[in-house]
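In what follows, a single structure is set out as structure tokens and then discussed.
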Amino acid sequence: MGEFLSDAYFWTKSLHIVSVIAWMAGLFYLPRLFVYHVEVVGSGNETDDLFQTMERRLLKAIMNPAMISSWIFGLCLVLTPGVVDWSLIWPWTKGFSILAMTWFHMWLAGRRKDFMSGTNTLTGRRYRMMNELPTLLMIVIVFSVVFKY
């Protein structure tokens, strides 16, 4: 298995990067949709239905597959011989950040359900503040992988 992963390294890494870009795009955009949904759209009208459709499709058709493929290709990279030195700090900071990003993804999915049921209680300001989390995590991940301390 190690030889296969070593031979496929550049394909795996490329697919991982593409998956992460798609996932990050969704993690940046869905909270922004929630801001507009709360501040402009309201609930119980045609625009509310439109926003719920956009939010559902973004989550189900783009974000979920991108998160899953990011995890799959990332784990393949971890299992590739010689890629990760576990005695360094960077794989641990990256791993923690990925777990936090996955938690944020699930948190967003829960908020989408709140909009569906008409029980959202969060403000646009709160969604704006939460929208900063993936940016901070992305910075930690990129610096961890590039500097590899």
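The values are calculated or read from the model by the stated rules, or taken from the named source; none is laboratory data. Just so it is clear, the structure is predicted and the values come from calculations on it, not from any experiment. Don't worry about glycine lacking a Cβ; one is built from the backbone with ideal geometry, like all the others, and counts go over all protein chains shown.
Within region 1-36, being in contact with a Phe, Trp or Tyr (Cβ under 8 Å, 6 or more places away or on another chain) and either modelled with pLDDT under 95 or of a type in the set (S, T, Y) (or both) holds for T12, S19, Y36. Test S87 against the criterion of being part of a helix (DSSP H, G or I), at pLDDT 95 or above and over 30 Å from S43 (Cα atoms), and give yes or no. Here the answer is no, as S87 does not meet what is asked. Taking region 1-82 and the helices (runs of 4 or more DSSP H) fully enclosed by it, the elements with 2 or more residues that are within 20 Å of the chain's Cα centre (by Cα) are at 9-36, 46-57, 64-79.
Among the residues of region 94-117, some residue qualifies, meaning at least one is over 22 Å from V35 (Cβ atoms) and of a type in the set (F, W, Y). On the basis of being surrounded by 14 or more Cβ atoms within 10 Å (Cβ to Cβ) and touching a Cys at 6+ places or on another chain (Cβ under 8 Å), does T12 make the cut? In short, yes. Comparison of F34, F28 shows that the only residue that is in contact (Cβ under 8 Å) with a residue 12 or more places away in the chain, touching a Ser or Thr at 6+ places or on another chain (Cβ under 8 Å) and of a type in the set (F, W, Y) is F28.
Every condition in (1) over 19 Å from M130 (Cα atoms); (2) hydrophobic (A, V, I, L, M, F, W, C); (3) surrounded by 14 or more Cβ atoms within 10 Å (Cβ to Cβ) is met by A25 except one, and the failing one is (1). Filtered by the rule that a residue be in contact (Cβ under 8 Å) with a residue 60 or more places away in the chain and farther than 9 Å from F73 by Cβ, region 1-22 gives M1, G2, L5, S6, A8, Y9. Test R128 against the stated conditions and say whether it is assigned to a helix (DSSP H, G or I), touching a Phe, Trp or Tyr at 6+ places or on another chain (Cβ under 7 Å), in contact (Cβ under 8 Å) with a residue 24 or more places away in the chain and not small (G, A, S). For R128, the condition - assigned to a helix (DSSP H, G or I), touching a Phe, Trp or Tyr at 6+ places or on another chain (Cβ under 7 Å), in contact (Cβ under 8 Å) with a residue 24 or more places away in the chain and not small (G, A, S) - is not met. Scanning for something surrounded by 17 or more Cβ atoms within 10 Å (Cβ to Cβ), over 23 Å from G124 (Cβ atoms) and modelled with pLDDT of 95 or more, does region 48-63 turn up at least one residue? For region 48-63, residues surrounded by 17 or more Cβ atoms within 10 Å (Cβ to Cβ), over 23 Å from G124 (Cβ atoms) and modelled with pLDDT of 95 or more: absent. Taking residues in region 90-106 that are closer than 18 Å to M130 by Cβ, and partners anywhere that are of a type in the set (A, V, I, L, M) and modelled with pLDDT of 95 or more, the pairs with Cβ atoms closer than 6 Å and at least 6 places apart or on different chains are S97/L137; S97/V140; S97/I141; A100/L137; M101/L137; F104/L133; H105/M67.
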